[in-house]
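Engineer: Let me begin by handing over the structure; questions about it come next.
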Amino acid sequence: MSKAIHSKSITYGILRALGIILGIFILIWFLWEIQSVLAYIGIAAVVSLIGRPIVLLLRDKLRFPNTLAVIITLVFLFLIIIGAFLMIIPVITEQSENFDQIKWEEVEENVEVLNEQISDYFGIERINILERIQKTPYYKDFNLDLIPQFVNSFFGTLGSFAIGLFSILFIAFFLLKDSRLLLEGVLVFSKKGSEGQFLRAFTKIKQLLSRYFIGLVFQVLILFVLYSIILLIVGVENALIIAFFCALLNLVPYLGPAIGYLLMSAFVISDNLGSDFSAVILPELIIVFIGYGIVQTIDNFLNQPLIFGKSVKSHPLEIFIVILIAGIVFGVLGLVLAVPTYTAIKVISKEFLSEYKIVKKLTQNL
């Protein structure tokens with residue numbers, strides 16, 4: 001009899017384990033299928049965190065009704081997003097129209113002249129840049145027809161973008177209007193009796209991340225202004241657009257600023273192809289190099305300590321290690337999400353794992 005019971009319990013255990021595994025796979029498949037919806041919710045949560053101080057200002061200080069305060073905040077954020085796209089789209093349209101008019105033979109000659117001038121100026125062996133590029137697999141697989149296709153695809157996705165933007169603003173409206181909406185969703189996962197801990201953790205995370213994302217917005221604005229000044233000094237075409245992209249790239253820690261500098265330098269060179277290297281191109285590259293270095297110094301020693309130290313209450317070395325690990329494990333996405341994810345983990349750990357010494361040490365400033 002005992003053997004039969006034991007056999008049944010083993011069978012039940014196996015079936016239960018298989019059921020759990022199957023359930024996990026179904027859940028992962030379901031989450032993968034609705035990843036766009038999850039992305040909308042995530043972005044809407046970020047928008048609500050950025051807009052939260054504006055709503056509080058309008059509602060608590062200026063005595064606006066809550067719904068009106070939320071609407072004004074979202075309209076303000078919407079106008080900023082649309083303004084950025086209205087600034088970018090005409091430039092993309094213009095460049096796509098001009099692309100077919102480029103005289104590639106003339107461009108090739110100018111690149112060769114520039115190559116000779118650089119080699120003579122620095123006294124180094126002349127390297128045939130075009131030959132090197134043509135030997136790379138990227139060049140062999142590259143098709144110029146892809147560029148117009150990319151432009152068409154870009155504008156074709158504007159419809160999807162509009163749907164996504166509407167969804168994000170719609171979700172953000174309710175997250176801002178009813179601040180307990182997201183909290184109630186989080187409390188569903190709490191055990192009975194631990195609601196207070198969940199509430200404290202959620203409130204703290206919301207406060208810290210709100211300050212963090214607002215800090216990032218100000219960081220981008222400051223960098224945009226400073227980069228624009230540099231590019232306007234050297235007379236680069238579409239300086240504001242390039243400065244805007246470089247400022248956005250700065251949101252990717254360490255990697256973004258490096259790409260931004262290369263992008264600026266590339267535009268300086270392309271705008272001056274055919275000009276004398278030592279008299280025109282080199283002085284402008286030096287100005288960009290010095291200016292970019294000054295801006296990055298300001299950002300690293302003023303902006304980022306204020307954003308990371310004051311908003312998420314973490315030491316710069318601590319943040320550096322976290323970003324480094326996240327970048328190695330998860331790539332570019334890890335670099336972007338490292339700080340907010342780490343901040344949330346720290347707050348949750350403080351509430352639920354405060355008995356461990358390492359948690360006490362890392363969360364002592366929270």
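Engineer: So how exposed is residue 284, as accessible area in Å² (1.4 Å probe, rounded to 10)?
Structural biologist: 30
Engineer: Let me ask another. How much net charge surrounds residue 261 when only other residues with a Cβ under 15 Å from its Cβ are counted (Lys, Arg +1; Asp, Glu -1)? Let's see the in-between values first.
Structural biologist: On the way: positive: none; negative: 284, 299.
Overall, the nearby charge balance is -2.
Engineer: Where nothing but the Cβ of Lys and Arg (+1) and of Asp and Glu (-1) is charged, how large is the charge dipole of region 190-365 around its Cα centre, in debye to the nearest 20?
Structural biologist: Values: 13 positive and 9 negative charges, 306 e Å.
Around 1480 debye, computed over region 190-365.
Engineer: Another question, then. Can you compute the equivalent ellipsoid semi-axes for region 190-365, i.e. the square root of 5 times each eigenvalue of the Cα gyration tensor, sorted largest first and rounded to whole Å?
Structural biologist: Numbers: eigenvalues 342, 39, 32 Å².
Values for region 190-365, descending: 41, 14, 13 Å.
Engineer: Of 249, 305, 295, which is farthest along the charge dipole of region 190-365 in the positive direction, counting Lys and Arg as +1 and Asp and Glu as -1 at C-beta?
Structural biologist: Selected residue: 305.
Engineer: For a quick protection proxy, order the peptides 225-235, 42-52, 17-27, 56-66 by their average other-Cβ count within 10 Å, most packed first. Let's see the in-between values first.
Structural biologist: On the way: 225-235: 17.6, 42-52: 20.5, 17-27: 10.0, 56-66: 12.9.
Per-residue mean Cβ counts within 10 Å order the peptides as 42-52, 225-235, 56-66, 17-27.
Engineer: Let me ask something else. Which of the chymotrypsin sites (Phe, Trp or Tyr not before Pro) found in region 249-348 are in a DSSP loop and have at most 14 neighbouring Cβ atoms, other than their own, within 10 Å? If you can, show how the numbers build up before the last one.
Structural biologist: Working: sites: 254, 261, 267, 277, 289, 292, 301, 308, 320, 330, 342; in loops: 254.
Passing both the DSSP loop test and the Cβ count: 254.
Engineer: For a 19 Å ceiling on Cα separation, which of these pairs sit above it: 204/360; 192/313; 313/361? Provide the component values of the computation, followed by the final result.
Structural biologist: Working: 204/360 16 Å; 192/313 30 Å; 313/361 12 Å.
Cα-Cα > 19 Å for 192/313; rest within.
Engineer: To the nearest 0.05, how large is the calculated FRET efficiency for residue 39 and residue 62 if R₀ is 25 Å and r is the Cβ-Cβ distance? Don't jump to the answer; show the numbers that get you there.
Structural biologist: Working: r = 33 Å, r/R0 = 1.33.
According to the calculation, E is roughly 0.15.
Engineer: Using θ = phi - 60° and the Karplus form 6.51 cos²θ - 1.76 cosθ + 1.60, what ³J(HN,Hα) does each residue of region 34-43 get, whole Hz, x for Gly and Pro?
Structural biologist: Result, rounded to whole Hz: 9, 4, 5, 5, 4, 5, 4, 5, x, 5.
Engineer: Same structure, new question: Just name one of 229, 349, 325: the one whose Cα is farthest towards the positive end of the charge dipole of region 190-365 (beta-carbon charges, Lys/Arg +1, Asp/Glu -1).
Structural biologist: Of 229, 349, 325, it is 349.
Engineer: Further question on the same structure: Relative contact order, percent, of region 236-288 when contacts are C-alpha pairs under 8 Å separated by at least 6 residues?
Structural biologist: Details: 31 pairs, mean separation 15.7, N = 53.
Value for region 236-288: 30 percent.
The values are calculated or read from the model by the stated rules, or taken from the named source; none is laboratory data. This is a predicted model, so every value here is computed, not measured. Cβ atoms come from the backbone with ideal geometry, glycine included; neighbour counts cover every protein chain shown. Note: accessible area is taken over every heavy atom of the protein model, side chains too, but ligands, DNA and RNA are not part of it. Shrake-Rupley method; radii C 1.70, N 1.55, O 1.52, S 1.80 Å.
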